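The values are calculated or read from the model by the stated rules, or taken from the named source; none is laboratory data. Since we're looking at a predicted model, the values are computed, not measured. Virtual Cβ from ideal backbone geometry, glycine too; neighbours counted across all protein chains shown. Surface areas here come from the heavy atoms of the whole protein model, side chains and all, with no ligands, DNA or RNA. Shrake-Rupley method; radii C 1.70, N 1.55, O 1.52, S 1.80 Å.
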Amino acid sequence: MPHAALGYSRRNIGRLLACLTDLNLYLSPNWYPVGGVCIRWYLVRSNYNLPKRPFNGVDVVAVSLDTYVTEKFLIAHNHPQDGYWALIHLATGTKVNVFWPEHSSPLYDAMLVPDFPVRFQSAADQLVTVVDNIRKPLHGRPLDPKQLEDAWRLYRLVGPKDSEKTWQERYPNEPDFKQAFDEAQEACALRPELIRPGLYTNLRHLARQALVCSECRHIAEYPLASKMRIARAYRR
């Protein structure tokens with residue numbers, strides 16, 4: 001797989017690999033990338049012609065985060081009640097979202113690029129996560145259109161059949177998977193004001209939220225960085 005195969009520039013692939021290499025020092029074993037990196041890897045493997053897209057950061061799932069993470073990362077958010085951290089990689093300015101696992105997912109060995117091994121959850125499991133995410137407008141919450149685009153691409157690749165079992169296990173009281181996907185699309189069409197490009201990549205938004213976030217907890221082991229340090233470190 002060539003370096004630019006994920007639809008990122010060669011420079012941004014370098015940023016991604018440098019960030020994940022450092023992140024690996026501080027995450028629990030069996031962590032794995034999710035979100036756009038995982039989705040695009042599956043699409044590329046299936047010879048999907050991906051559009052070029054800016055590299056906005058990386059999402060990972062991990063059981064724990066070592067307190068020494070501040071050696072190489074700033075902590076922008078710390079939500080221990082939700083199991084979430086937002087980090088900024090000091091060397092590359094890359095934003096990292098670290099989530100605790102909400103569900104158990106089988107993991108599969110893969111090569112992100114040659115000589116860079118990672119593990120991924122199945123495409124069907126990732127699709128379930130994506131479809132749940134794009135239901136935000138149903139609840140009056142904003143959504144970046146790239147997430148809706150990714151959902152469509154992955155849906156065409158995987159289809160509803162392989163994801164239905166996982167969906168029912170995670171959300172037994174919700175509509176079936178196909179209905180949930182259709183309802184999410186309808187909500188996005190009916191609430192265009194909630195579809196906001198660049199929602200999670202705006203520097204002012206990131207720094208402002210880090211400063212006033214009501215969910216953040218100030219814990220000595222995970223010191224929150226200042227608004228100024230975040231603004232200086234974060235690069236898109």
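Screening N97 with (1) in a strand (DSSP E or B); (2) open to solvent by less than 20 Å² (accessible area, probe 1.4 Å); (3) in contact with a helix residue (DSSP H, G or I) (Cβ under 9 Å, 6 or more places away or on another chain) gives one miss only, at (2). Remark: pairs (first residue in the stretch 146-162, farther than 11 Å from V131 by Cα; second residue among the polar types (S, T, N, Q) and open to solvent by 40 Å² or more (accessible area, probe 1.4 Å); Cβ separation under 6 Å; 6+ apart in sequence or on different chains) = L157/S46.
What are the residues in the stretch 162-180 that are assigned to a helix (DSSP H, G or I) and not aliphatic (A, V, I, L, M), if any? Spell out the reasoning first.
Start the filter on the stretch 162-180 by keeping residues that are assigned to a helix (DSSP H, G or I), which leaves 162-170, 177-180.
Selection gives D162, S163, E164, K165, T166, W167, Q168, E169, R170, F177, K178, Q179.
Count of the stretch 136-168 residues, restricted to those that are surrounded by 15 or more Cβ atoms within 10 Å (Cβ to Cβ), at pLDDT 90 or above and of a type in the set (K, R), is 2. For the stretch 85-94, name all the residues that are assigned to a loop (DSSP other than H, G, I, E, B) and open to solvent by less than 40 Å² (accessible area, probe 1.4 Å). Passing the criteria: T92, G93, T94. Checking each residue in the stretch 107-135 for being open to solvent by less than 10 Å² (accessible area, probe 1.4 Å), touching a strand residue (DSSP E or B) at 6+ places or on another chain (Cβ under 8 Å) and of a type in the set (V, I, T) picks out only I134. A search for C-beta distances below 7 Å between a residue of the stretch 74-96 that is closer than 16 Å to R232 by Cβ and any residue that is acidic (D, E) and open to solvent by 10 Å² or more (accessible area, probe 1.4 Å), counting only pairs 6+ apart in sequence or on different chains, returns H89/D22; A91/D22.
Would you mind stating whether E183 is farther than 30 Å from D162 by Cβ, modelled with pLDDT of 90 or more and in a helix (DSSP H, G or I)? So E183 does not fit the description; no.
Having 3 or more residues that are touching a Cys at 6+ places or on another chain (Cβ under 9 Å), farther than 25 Å from A124 by Cα and modelled with pLDDT of 90 or more is the bar; report the strands (runs of 3 or more DSSP E) wholly within the stretch 1-84 that clear it.
On the way: elements: 32-34, 58-61, 73-79.
Result: 73-79.
For beta carbons closer than 7 Å, sequence separation of 6+ or different chains, a first residue in the stretch 25-36 that is β-branched (V, I, T) and a second that is open to solvent by less than 20 Å² (accessible area, probe 1.4 Å) and part of a helix (DSSP H, G or I), the qualifying pairs are V34/Q126. Picking from residues in the stretch 186-236 that are in contact with a Cys (Cβ under 8 Å, 6 or more places away or on another chain) and either assigned to a helix (DSSP H, G or I) or open to solvent by less than 30 Å² (accessible area, probe 1.4 Å) (or both), the one that is modelled with the lowest pLDDT is A210.
A quick yes/no check of all residues on (1) open to solvent by less than 40 Å² (accessible area, probe 1.4 Å); (2) over 13 Å from H89 (Cα atoms):
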{"residue": "L6", "(1), (2)": "yes, yes"}
{"residue": "I13", "(1), (2)": "yes, yes"}
{"residue": "C19", "(1), (2)": "yes, no"}
{"residue": "P29", "(1), (2)": "no, yes"}
{"residue": "V37", "(1), (2)": "yes, yes"}
{"residue": "V44", "(1), (2)": "yes, yes"}
{"residue": "V58", "(1), (2)": "yes, no"}
{"residue": "E71", "(1), (2)": "no, no"}
